[in-house]
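Scroll down for the structure; my scribbles are underneath it.
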Amino acid sequence: MIARLDTAQASAHGHADTPYLHFLEALRDAGFEGDIAPDYANRTVLATDNSLYQRLPQAVLYPRGAEDLERIARLAGRDDFRRVVLAPRGGGTGTNGQSLTD
């Protein structure tokens with residue numbers, strides 16, 4: 001069965017889960033210069049790729065430069081953020097859902 005976006009659940013939980021919210025707050029505090037998008041619209045756009053699969057991410061990060069990537073990696077390495085899952089994404093042309101994660 002193909003995993004699909006559960007819109008009923010997504011609208012009820014239209015925001016990121018608590019561990020992710022803490023990660024995003026820490027990322028802002030660390031000086032992240034790019035855009036942080038935990039809103040439902042950005043998450044929905046990146047819930048699909050060129051495959052049949054759909055996975056609603058907890059948030060979307062748009063790094064502005066290499067320093068932002070370093071900030072993300074540094075925070076992701078901390079013990080208190082071990083549950084945070086990161087999935088790098090390119091143009092969304094994968095045909096097997098490789099860039100999708102919830």
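The values are calculated or read from the model by the stated rules, or taken from the named source; none is laboratory data. Since the structure is predicted, the reported quantities are computational estimates derived from the model, not experimental observations. Backbone-built Cβ (ideal geometry, glycine too); neighbour counts: all protein chains shown. To get the accessible areas, we keep the full protein, side chains included, count just its heavy atoms, and leave off ligands, DNA and RNA. Shrake-Rupley method; radii C 1.70, N 1.55, O 1.52, S 1.80 Å.
Quick notes on this structure:
- Filtered by the rule that a residue be closer than 15 Å to ALA26 by Cα, in a loop (DSSP other than H, G, I, E, B) and open to solvent by 90 Å² or more (accessible area, probe 1.4 Å), region 62-102 gives ARG78, ARG82, ARG83.
- In the set ALA47, ALA41, ALA59, ALA30, only one residue is open to solvent by less than 80 Å² (accessible area, probe 1.4 Å) and free of Cβ contacts under 8 Å to residues at least 24 places away in the same chain; that residue is ALA41.
- The single condition among (1) more than 19 Å from ARG89 (Cα to Cα); (2) modelled with pLDDT of 80 or more; (3) part of a loop (DSSP other than H, G, I, E, B) that GLU33 does not meet is (1).
- Every listed requirement among (1) hydrophobic (A, V, I, L, M, F, W, C); (2) more than 16 Å from GLY97 (Cα to Cα); (3) open to solvent by 30 Å² or more (accessible area, probe 1.4 Å); (4) modelled with pLDDT under 95 is met by MET1 save one, (2).
- First in region 71-87 and within 16 Å of THR18 (Cβ to Cβ), second anywhere and of a type in the set (Gly, Ala, Ser) and open to solvent by less than 40 Å² (accessible area, probe 1.4 Å), Cβ under 7 Å, 6 or more apart: LEU75/ALA26; VAL84/ALA76
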